[in-house]
Amino acid sequence: MSSKRIKLYTFVFILGATLLFSWFWTEGYGISPKYQYGNTEEKALNFWYKRGLSNIGVSKIISVVDIQKDKKLIIYKSNKNELWSGLVRKRWNNKWIVIEQGGGVPLFDNEENKERVLDWKWHNMNEFGLTLGVINKLNVDKVLVDGKDAVILNADDEKVWYFIDQTGSSYVDNKPILDIKAFDENDNLIYSYKDNLGR
C-alpha cells in the first residue's frame, strides 16, 4: 500500500472519529453534560428531574414567550405546585438547552398566600431580568413594575404575571431596585412594594 493511500485512510479515520466524538459530545452520551438538553423545551427543563438528580420537574407549561428567533422563555408550573421559568435556546442539532432557570413562587391554592395580594420573585436570567409572580387576590386587574405594565396570564384557576427588564447579566447579584404596584378594576391601588436598597 502506498504512503499516499495510508495518509488518506488515516485522514479519513481521524475525520470520522472526530465527527463521531463531536456527535456523542453534543448528545451527552457517556459524559456529564454542561447543559440540560432535550428534543423539546419541556424535556430540556426536565433533564435533571428525569435523571433523578433534581426533585423539581415540569408539571404544566403555562406560557411560551418568544425572546429571539432561537430563544424562548418558558413559564411553567412545577410538580411542587410552584411557578418556575426557564430560558431555553435551540442549538444547531435541533436540541433545546437550558440557559437559565428560576422559580419557587407558591401557587394560588396555598392557604397561607391567599392572605397576600401578590407573591413574586426576581431572577437574573443572564440575558435579562425577570420578575415572576402569582396574583393571590383575584380582584387584581393590573400590575405595574417601575411604572410599566406586567403581562398577566390566566392559568386555570390561577393568575400569574411576569415582567422582563434589561438588568440581567452574568453577575448573579445584579438585582434592580424594584417598584411594584397592583390595582383593581376600578384603578384603586391595593398593593405597593418599593425596594429602596435592592435585595
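Derivation of every value follows stated rules applied to the coordinates shown; laboratory data play no part. As the structure is a computational prediction, the values presented were derived from the model and not from experiment. Here the Cβ is made from the backbone with ideal geometry for all residues, glycine too, and neighbour counts use every protein chain on show.
Applying 0.36 nm per residue to the separation of Ser2 and Ile177 and subtracting their alpha-carbon distance, the gain on full extension is 55.8 nm.
Using R0 = 25 Å, the C-beta based FRET efficiency linking Tyr35 and Gln166 works out to 0.55.
With 25 Å as the limit, the listed pairs Lys43/Lys137; Lys34/Lys72; Lys90/Lys142; Lys80/Lys121; Lys77/Lys194 have Lys43/Lys137; Lys90/Lys142; Lys77/Lys194 beyond it between alpha carbons. For Tyr49 and Lys194, the difference between the fully extended length at 0.36 nm per residue and the C-alpha to C-alpha distance is 48.6 nm.
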